[in-house]
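Participant: This is the structure, below, for whatever I ask next.
The values are calculated or read from the model by the stated rules, or taken from the named source; none is laboratory data. Computed from a predicted structure; not experimentally measured. Virtual Cβ from ideal backbone geometry, glycine too; neighbours counted across all protein chains shown.
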Amino acid sequence: MELIQPIAAAILVLALLAGALFLLRSRGIATFAGGLLGPPSARRMELVDRLVLNSQHQLHLVRVDDQTLFLVTGPQSCQVLSAGKPK
């Protein structure tokens, strides 16, 4: 009998969390990308290519939606070289 009360409390808390999650998802406040909770969403960001310049610096070509970015990354920096829409 001493074990029933903590187990019931844990089940109640999990049920309340599941209800809150269902409520937030139905109103569009909480969204999840795939997994057990729904189909995977389309990715908006894609790494097109990467070029290693030296041991600490890299050049990245990244596509975000319909925009293409050239990024240079280093040990303590990240700079956008150019940004534009593909033709």
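Participant: Among the residues of region 71-87, write down those that are exposed (fewer than 15 other Cβ atoms within 10 Å of the Cβ), of a type outside the set (D, E, K, R) and closer than 18 Å to Arg44 by Cβ.
Facilitator: Val80, Ala83, Gly84, Pro86
Participant: Step by step: first the residues of region 1-31, then only those that are β-branched (Val, Ile, Thr) and within 28 Å of Arg43 (Cβ to Cβ), then the one that is surrounded by the most Cβ atoms within 10 Å (Cβ to Cβ). Which residue is that? Write out each step before concluding.
Facilitator: Here is the first cut: in region 1-31, the residues β-branched (Val, Ile, Thr) are 4, 7, 11, 13, 29, 31.
Filter again for within 28 Å of Arg43 (Cβ to Cβ), leaving 29, 31.
Working: Ile29: 8, Thr31: 10.
Among those residues, the one meeting the criterion is Thr31.
Participant: Still on this model: Failed condition for Val48, given (1) exposed (fewer than 10 other Cβ atoms within 10 Å of the Cβ); (2) at pLDDT 85 or above, with all others met?
Facilitator: (1) is the only condition that Val48 fails.
Residue-by-condition table, conditions (1) farther than 30 Å from Ala18 by Cα; (2) modelled with pLDDT under 90:
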{"residue": "Thr31", "(1), (2)": "no, yes"}
{"residue": "Gly35", "(1), (2)": "no, yes"}
{"residue": "Leu53", "(1), (2)": "yes, no"}
{"residue": "Leu59", "(1), (2)": "yes, no"}
{"residue": "Asp65", "(1), (2)": "yes, yes"}
{"residue": "Leu71", "(1), (2)": "yes, no"}
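Participant: Looking for something at pLDDT below 90 and touching a strand residue (DSSP E or B) at 6+ places or on another chain (Cβ under 6 Å) - is there at least one such residue anywhere in region 17-27?
Facilitator: Our first condition is that a residue be at pLDDT below 90; within region 17-27, this holds for 21-27.
With the extra rule that they be touching a strand residue (DSSP E or B) at 6+ places or on another chain (Cβ under 6 Å), the set shrinks to none.
No, every residue in region 17-27 fails to be at pLDDT below 90 and touching a strand residue (DSSP E or B) at 6+ places or on another chain (Cβ under 6 Å).
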